[in-house]
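The values are calculated or read from the model by the stated rules, or taken from the named source; none is laboratory data. In this text, all values refer to a predicted model and were calculated from it rather than measured experimentally. So basically every Cβ, Gly included, is an ideal-geometry build from the backbone, and we count neighbours across all protein chains shown. Ligands, DNA and RNA are stripped out before the accessible areas are found, and what is left, the full protein with its side chains, is counted by its heavy atoms. Shrake-Rupley method; radii C 1.70, N 1.55, O 1.52, S 1.80 Å.
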Amino acid sequence: MVKPLYYGKQTIEAADLEAVRDVLNSDFLTQGPMVSCFEHALEQQLQVPHVISCSNGTAALHLACMALEIEARDEVWVSAVSFVATANGARYCGANIRFIDIDWHTGNISLSALSTQLEQAAQRAQLPKALIVVHLGGESCDMRRIHELCQPYNIRIIEDSCHALGGSYQDEPIGNCRYSDCCVFSFHPVKSITTAEGGAVSCRNADVAERLRMLASHGISKDAAQWQSADASDAPWYYEQQELGYNYRLSDLQAALGAAQLPRLSRWIELRAQIAKRYQEAFAGLLSMQHHRSDSQSAYHLAIVLCDSNAERDELYQSLRKAQIFAQLHYIPIYRHPYYQQQNQVNYADFPGSERYYERALSLPIYPRLSPTDQQRVIDVVIDAVQTYRCQSPKSSQL
Ligand SMILES: *Cc1c(COP(=O)(O)O)cnc(C)c1O
């Protein structure tokens, strides 16, 4: 039996088991001391004043949109190639989504598409309330430029950083919100660190942080300074619900796992970077990979190869699969999903970058514990599949 390999996988060590067992033996399984412990550790890691943990990355996106007061019929712009949750968070608030094309070499939002769309929207007087960008595969978007483009119109910016924990942009951690209102993280098992299910929002603004906290816990306030009711009691049991919030909290069990994992983050990113480098070297002259910025450090969540054609990519996928290597495509452009087609029918030809990426991209296995032997297995299959394919159809390699 050949061992199956997947594109991503969690790393669980003895310290993780111990941390979770300690919580199970304690008085609190949820809302105990580990949640704030994990949040403070993330604040340190991200160099940001506020981190609010929550039940998953999708909830984090929804919370960020709510806290930034995105409401029904507001327009929200979303980078076209991402996991559907990136757009869904704004849809939960009733926003209308407009997708922005990507640069197919990076998978990230195209700055020329963004600036063209902004100019046109300004002329129509139909500017978006918010923009959600994605650091695809952990590779930072050019946040300084994005901020420069959006600032004249006072557009709120959310960074979907679900791939990017542990990455940096111009020597600062992705997640510090220098150029955005909120950054959103997921701790799903395939991400940089895991809490099984889990997520977080970071921000610099204390009022936004307060709203995020309230909305993640039923809209309930326990802060006497914030009470609104005329007959608010100073009794210690008093609390009040001030708006319609959700139960989006992270449990202490999950937070303990996250806090135990976090100290190993930088080591894991280093291992991912080494794996990415080995792919890069092995495929030099044969296949290109996602382009990386020279002024930033990717979190290497994905190892994305970019084939010469759609047929070549499909062939590569099948060859890997036959060898029990389960590559993935990240992602089908969100506008192609039937739900979003119903929302606003788009013309695929308006998204040349996204379409080109969608035809050619494939994510190969990358995770801290991927052994050099297993990675070599992947490399051998890729090289063999691509060379065989190109010999059989010589035209394809000239694209
Ligand atoms: C994982 C992920 C999400 C959603 O996170 P969950 O924790 O699974 O809800 C959102 N956006 C991107 C880009 C992701 O990779």
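Can you work out D for the range 1-145 in µm² s⁻¹ from Stokes-Einstein, where Rh is the Kirkwood radius over C-alpha pairs, the temperature is 10 °C and the viscosity is 1.306 mPa s?
Result for D is 87 µm²/s.
Could you grab the relative contact order for the range 191-330? Cα pairs under 8 Å, six or more apart, rounded to a whole percent.
22 percent
Angle between the Cα long axis of helix 252-261 and the longest principal axis of the chain, 0 to 90 degrees, nearest 10?
50 degrees
Report the Cα centroid-to-centroid distance between the range 186-260 and the range 103-144 in angstrom, as an integer.
Their Cα centres are 30 Å away from one another.
Provide the per-residue ³J(HN,Hα) series for the range 280-289, in order, calculated from phi with Karplus coefficients 6.51, -1.76, 1.60 and θ = phi - 60°, each as a whole number of Hz, with x at glycine and proline positions.
4, 5, 5, 9, 3, x, 10, 9, 8, 10
Using alpha carbon coordinates only, what is the Rg to Rh ratio of the range 151-258, with Rh defined as the Kirkwood radius?
Rg/Rh for the range 151-258 comes to 1.05.
Using the alpha carbons of the range 190-337, what is the convex hull volume per residue in cubic angstrom, as a whole number?
Cα convex hull per residue, to the nearest whole number: 203 Å³.
Let me understand the range 329-399 better: what is its radius of gyration from the alpha carbons, and its Dmax, in angstrom?
Taking only Cα atoms of the range 329-399, I get Rg and Dmax of 17.0, 47 Å.
Taking amide H positions as placed in the peptide plane 1.01 Å from N, state which residues far from HIS50 in sequence (5 or more) or on other chains have amide H under 5 Å from it.
Placed amide hydrogens put CYS203 under 5 Å from HIS50.
Grab the chain and count how many Lys pairs have their alpha-carbon atoms under 30 Å apart, sequence gap of 8 or more, or different chains.
Lysine pairs satisfying the spacing and distance rule in the chain number 12.
Please identify, among ASP380, ASP231, ASP103, the residue showing maximal mean-square fluctuation in a Gaussian network model of the chain using a 10 angstrom Cα cutoff.
Most flexible of the set in this elastic network: ASP231.
Return the long-range amide H neighbours of ILE157 (sequence gap of 5 or more, or a different chain), with a cut-off of under 5 Å between placed amide H atoms.
LEU131, ASP181, CYS182
At what distance in angstrom do the alpha carbon centres of the range 288-345 and the range 1-79 lie from each other?
Answer, in whole Å: 25.
Report the local net charge at ILE12: Lys and Arg +1, Asp and Glu -1, summed over other residues whose C-beta lies under 12 Å from its C-beta.
0
For the range 40-187, with the dipole built from +1 on Lys and Arg beta-carbon atoms and -1 on Asp and Glu ones, taken about the Cα centre, which of MET66, TYR179, GLN151 lies farthest toward the positive end?
Result: MET66.
Could you work out the relative contact order of the range 1-97, using alpha carbon pairs under 8 angstrom and six or more residues apart, expressed as a whole percent?
Across the range 1-97, relative contact order equals 20 percent.
If Rh is defined by the Kirkwood formula over all Cα pairs and Rg also comes from Cα, what ratio Rg/Rh do you get for the chain?
Over the Cα atoms of the chain, Rg/Rh equals 1.00.
What is the helix-to-structure angle for 14-24, meaning the angle in degrees between its Cα long axis and the longest Cα principal axis of the chain, kept from 0 to 90 and rounded to the nearest 10?
30 degrees
Calculate the dipole size of the chain relative to its Cα centre from +1 charges on Lys and Arg beta carbons and -1 charges on Asp and Glu beta carbons; express the result in debye to the nearest 20.
1160 debye
Nearest 10 degrees is fine. How inclined is helix 206-215 to the longest principal axis of the chain, computing both from alpha carbons?
Its long axis makes an angle of about 90 degrees.
For the range 236-250, in order, what is each residue's ³J(HN,Hα) by Karplus, 6.51 cos²θ - 1.76 cosθ + 1.60 with θ = phi - 60°, in whole Hz (x at glycine and Pro)?
Using θ = phi - 60°, the values come out as x, 8, 6, 8, 9, 8, 10, 7, 7, x, 10, 9, 10, 7, 8 Hz.
With runs of 4+ DSSP H residues as the only contributors, calculate the mean residue ellipticity of the chain at 222 nm using -39,500 (n - 2.57) per run, divided by the residue total and rounded to the nearest 500.
Here the helix-only value at 222 nm equals -12000 deg cm²/dmol.
So what's the range 94-206 giving for Cα Rg divided by 2.2 N^0.38 Å, two decimals?
In units of the globular-protein estimate, the range 94-206 measures up at 1.08.
Sort out the exposed loop GluC sites (Glu not before Pro) in the chain (DSSP loop, at most 13 other Cβ within 10 Å) and tell me the longest stretch that has none.
After excluding every exposed loop site, the longest remaining stretch is 72-242.
Using a 1.4 angstrom probe, figure out how much accessible area the range 273-399 has per residue, in square angstrom, rounded to the nearest whole.
Value for the range 273-399: 48 Å² per residue.
To check you understand DSSP bridge types, tell me what percent of the beta bridges within the chain (both residues inside) are antiparallel, rounded to 5.
Here the share of antiparallel DSSP bridges comes out near 60 percent.
Mean-square fluctuation check for the chain, GNM, Cα pairs under 10 Å: which of LEU63, LEU114, LEU17 is largest?
LEU17
Give me the percent of the accessible area of the chain that comes from carbon and sulfur atoms, probe 1.4 Å, all protein chains in place.
Reported share for carbon and sulfur atoms: 49 percent.
Let me know the Rg and Dmax you get for the range 254-399 when you use only its Cα atoms, in Å.
Cα only, the range 254-399: 17.4, 54 Å (Rg, Dmax).
Residues with beta-carbon under 13 Å from that of ALA225, excluding ALA225: net charge, scoring Lys, Arg +1 and Asp, Glu -1?
-4
Add +1 for every Lys or Arg and -1 for every Asp or Glu among the other residues with Cβ under 15 Å from the Cβ of PHE187, and state the total.
Taking every other residue near PHE187 into account, the sum is -1.
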